[in-house]
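Remarks on the structure that follows.
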Amino acid sequence: MLFSLPAFVLDKIKVKEIDYLIELLTPRGKIKALAKGAQKSRRRFVNLLDDLTFIRAHLRKPQRGRTLILEGADALYIPESPRYVLKKFYFFSYVAEVLSYTSFGPLNREQFGFLVEFIKEIDRNPWEDIYKCLFETRWSVISGFAPLLDECVKCQERPRRLFYFSISAGGILCVNCKDDQSIRLSSFQIDLLKKMAKIEFPEEMSELKESFSREEGLQIKSLVEAFFLYHIDWEPRSLPFLKSEVGSPDNG
Amino acid sequence: MENFYPPTLKKLIKALSSLPGLGEKSAHRLALFLISKVSLCESLGDLLKELPQRVKLCRICRNFSEDDLCSICQDISRDPSQLCVVENPMNLLQIESAGIYKGYYYVLHYLLAPKEGFGHRELGIDDLIDLIKERSVREVILALSPTLAGEATSSYLATTLENYPVKVTKLACGLPMGMEIQFADYITLKRAFMGREVLKGGSYNG
C-alpha cells in the first residue's frame with residue numbers, strides 16, 4: 001500500500017552498505033522508514049534526507065515486516081542557511097534531536113503548521129537568540145508539559161503581586177507555598193512567559209525581541225532552558241555546541 | 001544449526017558479523033569459506049594483528065601511513081602552495097586516482113556532527129593552521145561533500161581561515177554529469193546557476 005505524508009527528516013542511520021533508516025516527523029507522529037539504496041542513489045533522495053528538510057514522503061507498507069519503505073521524496077522546503085551559519089546548523093541539530101527524542105503522538109494541523117513556519121522563519125532571517133527559547137517554550141506547550149502560569153501549582157490560588165517559579169513543581173507558586181528552590185519572577189517576566197506560550201505564528205516573535213534585550217528577559221531564557229531540560233529529563237548532545245555559539249557573532 | 005558448530009567457528013561468525021555491512025548470514029558464509037583456505041587464514045590473521053600497530057596517521061596530513069610521513073607528504077614534486085582539505089582517506093584516494101590535483105592534503109576524519117558529539121573544537125583545526133603556516137600555503141581547497149554537515153564544516157573552516165593570508169576555495173557544486181535537470185532540487189539548481197561557466201564572453205549588441 002502506497003501513501004504520502006508531509007514530513008520533517010529528524011535523523012538517518014546507515015543500514016548495511018547502501019540503505020538508510022530514516023526517522024520522520026509527520027502529522028501522524030514520528031515514524032521510521034527504510035530508504036533503500038539511499039547511501040548510493042544519486043537521483044532519488046540527493047540532499048533530501050538532511051536534518052529538518054521538509055519533504056513529501058512517499059511511503060510503502062511492506063508485505064512482510066513492519067518497517068515502512070521510503071519509496072521517494074519530493075522537496076517541500078530545504079533549509080539552506082544552516083549550511084552557512086554555524087549557530088543555525090547547531091540549532092537545527094538541536095531541534096531535530098529534541099523532536100526525535102520527545103515526539104510520541106500525532107500533531108494537529110496548527111502544531112505541525114507552526115513547526116513548518118518556524119523552520120522557514122529561522123532559515124530566512126538572521127539568527128536571533130530568542131529562537132531557542134521560543135522553540136523550548138512552544139514545544140513544551142505542544143508536548144503537554146508547559147508551566148502553569150495562572151495559578152499557584154500547589155494551592156490553586158491566583159498570586160497577585162509576588163510570583164515564585166518552581167521548575168520541579170511545574171509552574172508558579174504563591175508566597176505561602178514557595179520553597180527554597182523557587183525563583184522570584186516579576187509580573188513582566190510572567191507576562192513574557194505567557195506571551196511566548198501563546199505564539200501561534202513565528203512572525204509574532206518580533207514583538208517579543210525587545211523584551212528579551214532587558215535583564216529580566218535574559219533571565220527568562222535560562223529559566224526556560226532549565227525548565228525544558230528538567231522536564232524532558234535528558235540533555236541533547238548538540239546543546240553544549242549550540243550554547244557555545246549562541247551570543248557570539250554570526251559566522252556566515 | 002549453529003549450535004552444533006565448534007566454539008572457534010561460532011566466535012569467528014560473531015566477530016565477522018560485527019563488521020559494517022556484514023549480516024549474520026554473510027558472516028556465516030565467509031567463515032565457512034575460510035575453513036578450507038588455510039594459507040589465507042594465516043595471512044589474514046597476521047595482517048589483522050599487525051594492522052593497529054603498523055598503520056597510523058601521517059604526522060602532517062593525517063592520512064593513513066606506515067611511516068611517520070605518508071607517501072604524498074614525502075613527494076617533493078607536489079605543489080606546496082595548494083592544500084586540499086578532505087573528509088576521510090577514501091575521499092583523498094578518490095581525488096588522487098582521478099589524477100587532477102598535484103598539491104598536498106589534510107584529512108579531517110570528521111565533519112561537524114553535534115548529535116554525535118562532534119563540534120568545531122573536535123575538528124583539530126589548530127593542526128591545519130600550523131600546516132598552512134609551515135608550508136606557506138597560498139590556497140586551501142575545501143573538498144568536502146555538499147551535504148548539510150559537509151557544507152556547514154566548509155563554512156566553519158572558511159570563517160576560521162578568514163584572518164589568514166590564504167585563498168579559500170571549495171569544489172564547484174551543481175548538476176552532476178549525466179543528470180537530467182528535471183531531477184534536480186532547487187538548491188542544486190540555484191548552485192548550478194550561481195556557478196555557471198562562461199562559454200563565450202562579450203556583450204549583446206542586438
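Using a simple spin-label model with points 7 Å from Cα along the Cα→Cβ vector, what separation in nm is obtained for residue A:207 and residue A:104?
3.3
Give the relative contact order (percent, whole number) for the stretch B:1-111; include only Cα pairs under 8 Å separated by 6+ residues.
Values: 105 pairs, mean separation 18.2, N = 111.
Dividing the mean separation by the residue count of the stretch B:1-111 yields 16 percent.
Any chance you could tell me what percent of the C-alpha pair distances in the protein assembly as shown go past 40 Å?
On the way: 37633 of 104653 pairs.
Summing the P(r) of the protein assembly as shown above 40 Å gives 36 percent of all pairs.
Viscosity 0.890 mPa s, temperature 25 °C: what is the translational diffusion coefficient of chain B from Stokes-Einstein with a Kirkwood Rh over Cα pairs, rounded to a whole number of µm²/s?
On the way: Rh = 21.0 Å.
Reported coefficient: 117 µm²/s.
Would any residue of the stretch A:67-105 have its amide N under 16 Å from a label point 7 Å out along Cα→Cβ of residue A:243? List them or say none.
It comes to A:90-91, A:94-95, A:98, nothing else.
Placing unit charges on C-beta atoms (Lys and Arg positive, Asp and Glu negative, everything else neutral), compute the dipole magnitude of the stretch B:7-54 about its Cα centre in debye, rounded to 20. Present the calculation step by step, with values, prior to reporting the outcome.
Values: 8 positive and 4 negative charges, 37 e Å.
So the magnitude is around 180 debye.
For every other residue with a beta carbon closer than 14 angstrom to the beta carbon of residue B:124, add +1 if it is Lys or Arg and -1 if Asp or Glu, then tell me the sum.
On the way: positive: B:59, B:62, B:121; negative: B:87, B:122, B:126, B:127, B:130.
Counting the neighbours of residue B:124, the net charge comes to -2.
Put +1 on the Cβ of every Lys and Arg and -1 on every Asp and Glu Cβ in the stretch B:7-54; which of B:17, B:36, B:48 then has its Cα farthest towards the positive end of the dipole?
B:17
Straight-line reach from residue A:154: which lysines fall under 26 Å, measuring Cα to Cα and dropping same-chain residues less than 8 apart?
Correct list for residue A:154: A:178, A:194, A:195, A:198, A:221.
Note down the Stokes-Einstein diffusion coefficient of the stretch A:179-243 in µm²/s, whole number, using a Kirkwood radius over alpha carbon pairs, 37 °C, and 0.692 mPa s.
On the way: Rh = 13.4 Å.
Answer, rounded: 245 µm²/s.
How much length is gained on full extension from residue A:234 to residue A:4, taking 0.36 nm per residue of separation minus their Cα-Cα distance?
On the way: separation 230, 0.36 × 230 = 82.80 nm, distance 3.24 nm.
Full extension from residue A:234 to residue A:4 adds 79.6 nm.
Can you pull a Stokes-Einstein diffusion coefficient for chain A at 4 °C (1.567 mPa s), Rh from Kirkwood over Cα pairs, as a whole number of µm²/s?
The Stokes-Einstein estimate is 66 µm²/s.
Within a 10 angstrom radius of each residue's Cβ in B:145-153, how many Cβ atoms of other chains show up on average? Whole number is fine.
The mean count of partner-chain Cβ atoms within 10 Å per residue comes to 6.
Between B:175, B:108, B:83, find the one with the highest GNM mean-square fluctuation for chain B; connect C-alpha pairs within less than 10 Å.
Highest fluctuation among the options: B:175.
Name the chymotrypsin sites (Phe, Trp or Tyr not before Pro) in the stretch A:55-104 that are in a loop by DSSP and that have at most 10 other C-beta atoms within 10 Å, would you? Walk me through the intermediate numbers first.
Values: sites: A:77, A:84, A:89, A:90, A:91, A:92, A:94, A:101, A:104; in loops: A:84, A:104.
Filter output for the stretch A:55-104: A:104.
Counting only the backbone N, which residues of the stretch A:208-241 are under 18 Å from the spot 7 Å out from the Cα of residue A:149 toward its beta-carbon?
A:208-231
Show me, for the stretch B:155-168, the HN-Hα J-couplings you get by feeding each phi into the Karplus relation (A = 6.51, B = -1.76, C = 1.60, θ = phi - 60°), rounded to Hz, glycine and proline as x.
Listing the rounded values in order: 4, 5, 4, 4, 5, 5, 8, 4, 8, 9, x, 10, 7, 10 Hz.
Under a plain spin-label model, where a point goes 7 Å from the Cα along Cα-to-Cβ, how far apart in nm are residue B:18 and residue A:219?
5.3
What number does the stretch A:56-132 give for Rg over Rh if you use C-alpha atoms and the Kirkwood radius?
Details: Rg = 15.2 Å, Rh = 14.7 Å.
The Rg/Rh ratio comes out at 1.04.
With the contact rule set at Cα under 8 Å and sequence spacing of 6 or more, what percent relative contact order holds for chain A? Walk me through the numbers on the way to the answer.
Numbers: 414 pairs, mean separation 43.1, N = 252.
Computed over chain A, the figure is 17 percent.
Using the crude model of +1 on Lys and Arg Cβ and -1 on Asp and Glu Cβ, and no other charge, please compute the dipole size for the stretch A:81-246 relative to its Cα centre, in debye to 20. If you can, show how the numbers build up before the last one.
Details: 22 positive and 25 negative charges, 12 e Å.
With only Lys, Arg, Asp and Glu charged at Cβ, the dipole is about 60 debye.
State the dimensionless ratio Rg/Rh of the stretch B:78-200 (Rg: radius of gyration of Cα atoms; Rh: Kirkwood radius). All intermediate terms of the calculation are to be shown ahead of the outcome.
Numbers: Rg = 15.5 Å, Rh = 15.7 Å.
Rg/Rh for the stretch B:78-200 comes to 0.98.
Compute the Cα gyration tensor for the stretch B:7-54, then decide on rounded, prolate or oblate, letting a ≥ b ≥ c be the square roots of its eigenvalues: rounded whenever a/c is under 1.5, prolate when a/b is larger than b/c in the other cases, and oblate in all that remain. Before the final figure, lay out the partial values.
Numbers: a/c = 2.07, a/b = 1.30, b/c = 1.59.
Oblate.
Using a simple spin-label model with points 7 Å from Cα along the Cα→Cβ vector, what separation in nm is obtained for residue A:160 and residue B:100?
7.7
In a Debye calculation with equal point scatterers on the alpha-carbon sites of the stretch A:101-208 and no solvent, what is log10 I(q)/I(0) at q = 0.20, 0.24 Å⁻¹?
Calculated log10 I(q)/I(0) at the listed q: -1.04, -1.25.
Quick one: length gained pulling residue B:9 to residue B:175 fully straight, 0.36 nm per residue minus the C-alpha distance?
Details: separation 166, 0.36 × 166 = 59.76 nm, distance 4.91 nm.
So the chain would gain 54.8 nm between residue B:9 and residue B:175.
If you average 1/r across every pair of different Cα atoms in the stretch B:117-164 and take the reciprocal, what Kirkwood value do you get, in Å? Kindly include the intermediate steps, with their values, before the conclusion.
On the way: mean 1/r = 0.0864 Å⁻¹.
This gives a value of 11.6 Å.
Under the Kirkwood approximation for Rh and a Cα-based Rg, what ratio Rg/Rh is obtained for the stretch A:2-77? Walk me through the intermediate numbers first.
Numbers: Rg = 11.1 Å, Rh = 12.1 Å.
Looking at the stretch A:2-77, the ratio lands at 0.92.
So for the stretch A:2-77, averaging the separation of alpha carbon pairs under 8 Å that are six or more residues apart and normalising by length, what relative contact order in percent results? Let's see the in-between values first.
On the way: 176 pairs, mean separation 24.8, N = 76.
That works out to 33 percent.
Since every read-out is calculated from the coordinates, none of them should be taken as a lab result. Since this is a predicted model, take the numbers as computed values, not measurements. FYI the Cβ positions are ideal-geometry reconstructions off the backbone, even for glycines, and counts take in every protein chain you see.
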